[in-house]
Amino acid sequence: MPSTFPGATGLSEVSIYDWPGADGAAGGSPHMHTASTEAYVVLQGTGRLETLNSAGFTSTPLAPGVVLWFTPGTVHRAINDSGDLKVLVVMQNAGLPEHGDAVMTFPPEHLADADSYRRAAALDIKDADAGLPAGEEAARRRRDLALQGYLVLKDAVIESGPEALADFHAAAGRLVGPRTSAWAELLAGGAAEQAETTRQQLLSLDAAETFYLGKARTTMGKRENRRIYGMCGRIQAWELSDS
């Protein structure tokens, strides 16, 4: 069901992975979103958000109360310095990230075609609370593979500037391109529909008609029972529709 949360956004609580990577820093799988802006509200712990985008390479400190967001095309890596970094993620266009909007920074051979990417990205065990070593090992291997490609990209951006991202952006575009018609349907039933509802409400108010105010309601999101292995960490999600 489409999100009826304000702005048709998605909401999740993410405990950033505390697994050390090849460079010694603990954190999640570097990736980018192709059609959704993502926001962090830091709840606990400290760390950094490394980003690669039109500004080049940036490292932003994370601490409780920090709010930041980044637009599509921003390669990002959450680093968990304190070991207990937890963020509330607000995601634009709920449904798109769940339907493949994100692309991880795997080495180029894993971005060559959809099948290669799917094999690298797949997790057979998604339940992060099941206590199964195989699930954590697979999520960690995926993180390490994304980190391998990211560290090369990071060095290239530091040396040559944002233009070094062009090949990765192009590969990501080829991977997600076939999905955009389905995304358009999700957008039409979510953010676009909410915007149209607001437009109609403004027209009603302009005509001194307030009938829609009598249909006001309160909705409580349903917290999912189990966390899942995500890209940045273990994800606690909510169902945010009216039904």
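None of the figures in this text is laboratory data; all of them are computed from the coordinates on show. What you see is a predicted model, and the numbers here were worked out from it, not measured in a lab. Every residue, glycine as well, gets a Cβ built from its backbone with ideal geometry; the counts of neighbours run over all protein chains shown.
With contacts taken as Cα pairs under 8 Å and at least 6 residues apart, the stretch 153-243 reaches a relative contact order of 13 percent. As a calculated quantity, the FRET efficiency between His99 and Ala216 at R0 = 30 Å, using C-beta atoms, amounts to about 0.45.
Between Thr71, Thr219, Thr37, the residue with the greatest mean-square fluctuation in the GNM of the chain (Cα pairs under 10 Å linked by springs) is Thr219. Between Val42, Val75, Val66, the Gaussian network model of the chain with springs among Cα atoms under 10 angstrom shows the greatest mean-square fluctuation at Val66. 3J(HN,Hα) along the stretch 130-145: 7, x, 8, x, 5, x, 5, 4, 5, 5, 6, 4, 5, 4, 5, 5 Hz, from the Karplus curve 6.51 cos²θ - 1.76 cosθ + 1.60 with θ = phi - 60°, whole Hz, x for Gly and Pro. Taking amide H positions as modeled 1.01 Å from N, with prolines and chain starts lacking one, the residues under 5 Å from Thr4 and 5 or more places away or on another chain are Ser241, Asp242.
Placing a label point 7 Å from the Cα of Ser204 along the Cα-to-Cβ direction, the residues of the stretch 223-243 whose backbone N falls under 20 Å of that point are 242-243. What the phi angles of the stretch 117-126 give under the Karplus curve with 6.51, -1.76 and 1.60, with θ = phi - 60°, is a coupling list of 5, 4, 5, 6, 8, 5, 10, 6, 10, 9 Hz, glycine and proline written as x.
Counted by neighbouring Cβ atoms within 10 Å, the residues Asp115, Asp23 run from fewest to most as Asp115, Asp23.
Give, in nm to one decimal, the length gained when the segment between Ala170 and Thr58 is fully stretched (0.36 nm per residue of separation minus the Cα-Cα distance).
Numbers: separation 112, 0.36 × 112 = 40.32 nm, distance 2.16 nm.
Roughly 38.2 nm would be gained on extension.
Note on the chain: with a GNM built from Cα contacts shorter than 10 Å, the maximum mean-square fluctuation among Ser204, Ser29, Ser59 falls on Ser204. Dividing the C-alpha radius of gyration of the chain by 2.2 N^0.38 Å, with N its residue count, gives 1.08.
Put simply, the Cα atoms of the stretch 146-243 extend 60, 36, 27 Å along their principal axes, the longest span coming first.
Over the stretch 47-180, Cα pairs under 8 Å with separation of 6+ residues give a relative contact order of 28 percent.
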